[in-house]
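J.: Provided herewith is a single structure, encoded as structure tokens, for subsequent inquiry.
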Amino acid sequence: MPRAGSMKKISDLGVWLVELFWSFWAYIWLYIILEVWTPNVITLWEALLTVLQYGLLLVHAYAQDKRWPYVSIPLVRGERPEDWVPAEDTSVDHDKNCGESSEILPRENEDIVDIFSMHSYNNTGYHHVPEKDIEESSKTTLVVKNTQEDTCWLSIWRQQFVDALMLESPEQRKMDSICLRFIIIFWNSIIAPWKLLFAFVPPYQIAHGWIAFICSLIFISGIAYGVTKITDQISCVTGVNLYVIAFTALAAGTSWPDLVASKIAAERQVTADSAIANITCSNSVNIYVGIGVPWLIDTVYNYFVYQEPLYIDNAAGLSFSLLVFFATSFGCITVLVLRRIVLGAELGGPRLWAWVTSTYFMVLWVVFVVLSSLRVSGVI
């Protein structure tokens, strides 16, 4: 929760309600295909419909944002302030920053060629520039720009490996606390192998970030696969039910990035849109894509190889967890709505109510974990 007094409310309720509807529908949909439609079995059509619903969510959210008639929810849109943007450092020397060219910026007492309008201007106004000179200038500028861009992303990629192996930054070396410096070095030593691994991901300056995006997905998928295998080994050695480990350690670890992102959004943005919508969107993506895509791959494989659908182990326990999660989520959303009515904002507010709300949300999470763990363990 934000600090006391920092009142944050959702500005665009329409988009949030669309995301909330699809998030709740995802729980209901999973329960239907696990217990009602084809119990304990996932067919090819069920898996395909699960994935396609993610596309419908994107279209519906875009329609709500653009106020399409007959599709969007007719709610009055609140004020939508610009997102938080770090202050620009004007002291940076752009000539030393990846060789960025400042030729397109006008300078005093200099003639500037505008290659788009085929004119140049100076203090006396515009005058015509020969086409031959413009063509030669354009080619030279393009070659210089491409060379500078290649040098830029290569230096950034090299710096990624340097940063991954660096256990202490120059600023941290100036710290007076020896104990704090030791903790930082110890922590960086633990995460250094992971930082070095992800340093192989190309920088986002290449191909507008698409290569970095695809490589990041591949790396994350590989780590997720490794984590699931380690979870199986831990369950086998300790005797703890595999689903209990998934409800606790594995779920908490995978939710940590969402928690950090929501915290940063709540602190740095004027509204609570990104902080709250991030949760509903994350649930929708986890179900429609995170579960739907593996189901689709497995069902297609079983259909062509074994000519049979996909069977789900412990589908009853999963269905029970869905019902508990739906109930706790409804309780969470109810509190957010009441806070908007009583306090005027979903996040922040008086310190007492901030702590009460945070404690209530933690209790909901504990209830979900305990009930789900007892169910899969056969206690209830």
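J.: Once the convex hull of the alpha carbons of region 253-354 is built, what does its volume come to per residue, in cubic angstrom?
T.: 132
J.: Related question: Please work out whether region 321-365 counts as rounded, prolate or oblate from its C-alpha gyration tensor, where a ≥ b ≥ c are the square roots of the eigenvalues and a/c under 1.5 means rounded, while otherwise a/b larger than b/c means prolate and anything else oblate?
T.: Oblate.
J.: While we're on this one: How long is the gain from Asp176 to Trp157 if the chain were fully straight, where each residue apart is worth 0.36 nm and the alpha carbon distance is subtracted?
T.: 3.6 nm is the gain from fully extending Asp176 to Trp157.
J.: Once you list every other residue whose beta carbon is under 12 Å from the beta carbon of Gly317, what net charge do they have if Lys and Arg are +1 and Asp and Glu are -1?
T.: -1
J.: Also, quick follow-up: Leaving ligands, DNA and RNA out of it, work out the accessible area of Ser377 with a 1.4 Å probe and give it in Å² to the nearest 10.
T.: Around 70 Å² of this residue is reachable by solvent.
J.: Over region 316-356, what percent of the accessible surface lies on carbon and sulfur atoms, probe 1.4 Å?
T.: C and S fraction of accessible area: 84 percent.
J.: Could you give the length gained by full extension between Val59 and Ile380, i.e. 0.36 nm per residue of separation minus their alpha carbon distance, to one decimal place?
T.: Extending this stretch completely gives an extra 111.5 nm.
J.: For Ile223 and Ile297, FRET efficiency with R0 = 25 Å and r from the beta-carbon atoms, rounded to 0.05?
T.: Here the calculated transfer efficiency is 0.85.
J.: Find the accessible area per residue for region 196-321; the probe is 1.4 Å, ligands and nucleic acids are left out, and the unit is Å².
T.: 60
J.: What does the extension gain come out to for Ser358 and Trp194, with contour length at 0.36 nm per residue minus their alpha carbon separation?
T.: Full extension of this stretch gives 55.9 nm more.
J.: Something else: Residues with beta-carbon under 11 Å from that of Leu242, excluding Leu242: net charge, scoring Lys, Arg +1 and Asp, Glu -1?
T.: -2
J.: What three numbers, in Å, describe the spread of the alpha carbons of region 225-304 along their principal axes, ordered from the longest?
T.: Principal-axis extents of the Cα atoms in region 225-304, largest first: 49, 37, 17 Å.
The values are calculated or read from the model by the stated rules, or taken from the named source; none is laboratory data. Computed from a predicted structure; not experimentally measured. Please note: Cβ atoms are built from the backbone with ideal geometry, for glycine as well, and neighbour counts cover all protein chains shown. Accessible surface areas use protein heavy atoms only, side chains included; no ligands, DNA or RNA. Shrake-Rupley method; radii C 1.70, N 1.55, O 1.52, S 1.80 Å.
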